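What follows is a short report on a single structure.
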Amino acid sequence: MVPDGYNNFAPPVPTMSLEESPAVLGFTFPLAVENDIDRLEVAVRQSNLIRGQYVQYLNATKPVQMSIVQSFNKFFSDYSMTNFSYYGVERAEYPKTPKKAMKKYNVFTTCMLDAWQSHGITSIILVEQLKKAIYHISRRRYTRNQVLKKKMRLLQRI
């Protein structure tokens, strides 16, 4: 006979090992370069398996309470996002700074929406959060550039 105090144990919580953690075949996150994003987009459009793996990876990697802005760097490096904006800039007035439109990429739209609808993310919230993420990336890039310029000016004085 087992004493009463031993009957109320909860089953152990399964832990996720590195072998079981969600992964996307052929990709290492965060994606480091723009070409990786383009490759992922092609793979997601061509393969339901890759799309499913990517959606599962997004869902498992972003905690429910964390915003997309806070978790964005887990998926994409700042460098890989250099030539992206939500709507894109492809006009002739900006030949030096063309930007690809994130809204045309499934990896930024439908996949993220599928992954995070259970987190309360709607299409409107997703668009707002993606725009904020791009803004934060551009601010970090600007700050890095300003720090480098300041260092260069200080070195020139020496």
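Quick note: the coordinates plus some simple rules give every number you see, no bench work behind them. Everything numeric here is computed off the predicted structure, so don't read it as measured data. Glycine also receives a Cβ, built like all others from the backbone with ideal geometry; neighbour counts cover every protein chain displayed.
The largest-to-smallest principal axis extents of the Cα set in segment 21-157 are 56, 36, 31 Å. Straightening the chain between residue 42 and residue 74 buys 9.5 nm, computed as 0.36 nm per residue apart minus the Cα-Cα spacing.
Loop-resident trypsin sites (Lys or Arg not before Pro) (DSSP state other than H, G, I, E or B) in segment 25-127 with no more than 15 further Cβ atoms inside 10 Å of their Cβ: 91, 96. Legend: residue pairs 100/151; 104/149; 104/151; 62/151; 62/103; 62/149, Cα-Cα distance threshold 30 Å; pairs beyond threshold, 100/151; 104/149; 104/151; 62/151; 62/149. Computed extension gain for residue 49 through residue 136, at 0.36 nm per residue and net of the alpha carbon distance, reaches 28.1 nm. For the pair residue 25 and residue 124, a Förster radius of 35 Å applied to the C-beta separation gives a FRET efficiency near 0.65, rounded to the nearest 0.05.
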